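Input: a single structure, listed below in structure tokens.
Just so you know, all these numbers are worked out from the coordinates, no wet-lab data involved. What you are looking at is a predicted structure, and each value in this text was computed from that prediction instead of being measured. Here the Cβ is made from the backbone with ideal geometry for all residues, glycine too, and neighbour counts use every protein chain on show.
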Amino acid sequence: MNAAASPRQQALERIRAATRNPAASVEPAGSYASLRRDYIGHGALPAESRIALMLERLREYDAEVTECPPEALPATIAAQLLASGRHAFVAPAGLPQEWLAPQFAWKVDRDLPAAEIEQAEGVVTTCFCAIADSGTIVLHHSASEGRRVLSLLPDWHLCILRASQVVETLPEYFSLCKQPPRLVTWISGPSATADIEMTRIKGVHGPRFLHVILVRDPVADPTSNLQPDQAR
Amino acid sequence: MTHAVADHPVLDPTVAPPFPVAALPVLRNPQLRKNVAHAMDVIQAKRARLVEEKADWQALRSAGAAIRDHVLENLGAYLEQFEERCTAAGGVVHWAADAAGARRIVLEILRAEKAAEVIKIKSMTTAEIQLNPYLEAAGVGVFETDLAEIILQLGREEPSHIVVPALHVNRSQVREIFARSMGIRDLSDNPQALTAAARNYLRRKFLTVPTAISGANFLIAESGGVAVVESEGNGRMCLTLPRTMITVAGIEKVLPRYQDLEVMLQVLARSATGERMNPYTSLWTGVTPGDGPQRFHVILLDNGRSQILGRKTERQTLRCIRCAACMNACPVYRQTGGHAYGSVYPGPIGAILTPQLMQMHHAQSLPYASSLCGACYEVCPVKINIPEVLIELRAQVTDQERRQVRRFFDPMYLGMRMAGLLLSRAWLFHAAQRMGRLGLRFFTGKDGWIHSLPGMGAQWTQTRDLRGMPGETFHEWWTKHKKEAR
Ligand code: SF4
């Protein structure tokens, strides 16, 4: 080994020698494509049970759930904000204007400093999708899902989830991603710890309260428009 | 060699006492053993329930093992791909050959940032390279942010598990540690109150310290993304609020594609904490303008891993995703707790990983810290055959010892050489059998059992009886009866 080589070169040389595999490109001879994946890709639940499962999981995580028809969404949001007993909220820049009920104090996030977001009592966001099997809400941090800090600092997170966004399994979510997203947060219930004597305590650093509004929009199978090879 | 039983556990394998010695403090402390067993029971029961409901669990394990093996086989190429994509996304990739190299890189970055303080996400890799004491000696204030890590850091305790590292500390001890170091007088020992105290203690740190250090659960080669799995949200704080982020990751942590997380995230939380999914998982890619740290460094750490990669049986060690299921299932860990392993990696995975990271120069007692029952293999989500690796490492330790001159007259090696001689020659073996029968007759009672033996044999008969030798061996019986049958 060349003593003057950079740590990088040395590391790669050691690795190549250890694997006896000098290939400089990934997936030599399609070996990645031929990896066996016999696990369940697509779930088998009918839409109604899939959504019921998602709601059940959310409740198990102590998240609060409210349901409403699409046309009642702005009013439902306002009602939930009121019921939360909070007043000062932040919203991602891309959140529809009609969701920002005027009787509350709103700060819309156009590069708000963290200290200001920290002052807010709650935040309202949308999400990319939700996975019923594990009760997970996925954020890709688009304009209406907000920057990462926005759904982190306020103590109360109200997330708007449409029934049509609920998939059953984790692999179904991954087949929805055409490209690997740049930023992702998977949220499965509010922040929690079991570090002291294995007692589960809610709310350490993340939001202590997760509240979901499930919008009952018409549900087609969210992955039915996939090509068969993607549906594994 | 005798080792004093240290008051304070030593987790540096180069100086830690051997496993049987280091295990004594816990073995002599019934309360501590009860705490460990309780924690293990809780996690195991939750895990078992969730694995049960997963119809495709074995298929997920097989896929997990196959993906990890494929990565290891092509590690060079995937690391280069990761480096290229991460750099393109605005990250800076560093390579470190060993712990000292990685520590130096971290400190250089901190100096360039003029960082006097850092906040940290729980990371086994930074514990492995003993980063905290190094940074503290260099004058950097290090703040752990995971609840268990705060307990350990403020209480000057050592981790005893890789997922719930403070499981050996009970609530009244936590109360005492927090009351003392946070200056809270009337703190109750209710876990809820203790957790709230930690939240308040850290809140300002999160908002003001501009530099953070993390490990990584997964590196995504195709996108240059990094994923961190956590529960409390302290990780999200560290990944989002600071200006600069430094991630230290073992070179084996790569996955080929984003989609491979569909296997890993299904098995990891179920195995680790018995949850369908941990509360928070974050993935980020280089730097994103306007969102999160605007400077991002990844340090790819070798530290003995490439050597493990080169060995046929041992390579599977690098599949590990650090879920801790193997220690939760281990009957030995359950009795000794984590400190006995003299390493930040305890339990079955520690027993195979630590001596290999030490290139078999230290921690040679660890491959023996197992009954080879196989419970670890059965629960491992990436199907690491830990018993197989343990046996291979035992063979290496034996080979090492045999080469030492002072071991030549060691009774065990003497005995083994004798046995080797006898067992490879039939006539000698038969003669030895006859002599053994004659000799043992003196010690065999009327009931056909041997109740006490002299010398070394006493070590056996002190605690159990030994059946006397039968009057004739099967071989003798067969020879006789074959003749009669003709
Ligand atoms: S060896 Fe297997 S069971 Fe043990 S921590 Fe690693 S992945 Fe988990």
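Quick check on my link table: of B:Lys46/B:Lys383; B:Lys253/B:Lys312; B:Lys34/B:Lys54; B:Lys46/B:Lys312; B:Lys54/B:Lys122; B:Lys114/B:Lys205, which ones sit more than 26 Å apart, alpha carbon to alpha carbon? Checking Cα-Cα distances, B:Lys34/B:Lys54; B:Lys46/B:Lys312; B:Lys54/B:Lys122 exceed 26 Å.
Rg and Dmax, both from the Cα atoms of chain B and both in Å, are 26.6, 95.
How high is the relative contact order of chain A, given as a whole-number percent (alpha carbon pairs under 8 Å, six or more residues apart)? Walk me through the intermediate numbers first.
Working: 391 pairs, mean separation 53.9, N = 232.
Once normalised by length, the contact order is 23 percent.
Plugging the Kirkwood radius over Cα pairs into Stokes-Einstein for segment B:399-486, at a temperature of 4 °C and a viscosity of 1.567 mPa s, what D comes out in µm²/s? Result for D is 83 µm²/s. Size descriptor for segment B:19-306, Kirkwood hydrodynamic radius: 20.2 Å (Cα pairs only, one decimal). Summarising the amide proton neighbourhood of B:Ile450: residues at separation of 5 or more, or on other chains, whose placed amide H is nearer than 5 Å comprise B:Gly445, B:Leu466, B:Arg467, B:Gly468.
A DSSP coil position with no more than 10 other Cβ atoms inside 10 Å describes the following trypsin sites (Lys or Arg not before Pro) in segment B:266-344: B:Lys312. Amide H contacts of A:Ala192: A:Gly203, A:Val204, B:Glu232, each under 5 Å away and 5 or more positions distant or on a separate chain (H built 1.01 Å from N in the peptide plane; Pro and chain starts excluded). Rounded to 0.05, the FRET efficiency of the B:Gln335 and A:His140 pair, given R0 = 51 Å and the Cβ-Cβ distance, is 0.65. Two numbers describe the Cα atoms of the protein assembly as shown: Rg and Dmax, which are 28.9, 107 Å.
Qualifying chymotrypsin sites (Phe, Trp or Tyr not before Pro) in segment B:362-440, where qualification requires a DSSP coil assignment and no more than 14 other C-beta atoms within 10 Å, comprise B:Phe408, B:Phe409. Only alpha carbons enter this Debye calculation for segment B:51-159, each as an equal point scatterer, and the log10 of I(q)/I(0) it gives at q = 0.11, 0.12, 0.19 Å⁻¹ is -0.57, -0.66, -1.07. At a Cβ-Cβ separation cutoff of 4.7 angstrom, cysteine residues of chain B with no neighbouring cysteine are B:Cys86, B:Cys238, B:Cys320, B:Cys323, B:Cys330, B:Cys373, B:Cys380. Using θ = phi - 60° in the Karplus curve 6.51 cos²θ - 1.76 cosθ + 1.60, the 3J(HN,Hα) couplings for segment B:449-465 round to 10, 9, 9, 8, 10, x, x, 4, x, 4, 4, 6, 6, 4, 10, 8, 8 Hz; x is entered for Gly and Pro. Taking 0.36 nm per residue of sequence separation and removing the Cα-Cα distance, the B:Asp447/B:Tyr413 pair yields an extension gain of 8.9 nm. Each semi-axis of the equivalent ellipsoid for segment A:47-225 is √(5λ) with λ an eigenvalue of the Cα gyration tensor; in descending order they amount to 24, 20, 17 Å. I'd like the distance between the alpha-carbon centres of segment A:128-142 and segment B:133-199, rounded to an integer number of Å. What the calculation gives is 32 Å, centre to centre. Inter-label distance, B:Ala48 to B:Leu440: 3.9 nm, where each label sits 7 Å from its Cα along the C-beta direction.
Charge dipole of segment B:200-244 (Cα centre as origin; +1 on each Lys and Arg Cβ, -1 on each Asp and Glu Cβ, all else neutral): 340 debye, rounded to the nearest 20.
At 0.36 nm per residue, and after removing the present C-alpha to C-alpha distance, how many nm does the segment from B:Ala138 to B:Lys480 gain when stretched out fully? Numbers along the way, then the final one.
Details: separation 342, 0.36 × 342 = 123.12 nm, distance 8.03 nm.
Residue separation times 0.36 nm, minus the Cα-Cα distance, leaves 115.1 nm.
Before rounding to the nearest 500, sum -39500 (n - 2.57) across all DSSP H runs of length at least 4 in chain B and divide by the residue total; then give [θ] at 222 nm in deg cm²/dmol. Don't jump to the answer; show the numbers that get you there.
On the way: 23 runs with 240 residues, N = 486.
-14500 deg cm²/dmol, from helical runs alone.
Each residue in B:Tyr78, A:Tyr61 was given a count of other beta-carbon atoms within 10 angstrom of its own, and listing them fewest first yields A:Tyr61, B:Tyr78. Our coupling estimate for segment B:204-214, obtained by passing each phi through the Karplus curve with A = 6.51, B = -1.76, C = 1.60 and θ = phi - 60°, is 5, 4, 4, 7, 10, 7, x, 9, 10, 10, 9 Hz, Gly and Pro reported as x.
The loop-placed trypsin sites (Lys or Arg not before Pro) in segment A:65-143, going by DSSP, that have at most 14 neighbouring Cβ atoms within 10 Å of their Cβ come out as A:Arg110. Close amide-amide hydrogen proximity is noted between A:Thr136 and A:Ile131, each under 5 Å apart and 5 or more residues distant or on a separate chain (H modeled in the peptide plane; Pro and chain starts excluded). Estimated translational diffusion coefficient (Stokes-Einstein, Kirkwood radius over Cα pairs, 4 °C, 1.567 mPa s) of segment B:200-287: 93 µm² per second.
The HN-Hα couplings worked out from phi for segment B:103-118 by the Karplus form 6.51 cos²θ - 1.76 cosθ + 1.60 (θ = phi - 60°) are 4, 4, 4, 4, 5, 4, 4, 4, 5, 4, 7, 6, 8, 8, 9, 9 Hz, whole numbers, x standing for Gly and Pro. Projection of the Cα convex hull of segment B:96-226, averaged over all directions and equal to a quarter of that hull's surface, yields 9.2 nm².
Distance between the pseudo-spin-label points of A:Asn21 and B:His38 (7 Å out from Cα toward the beta carbon): 4.6 nm.
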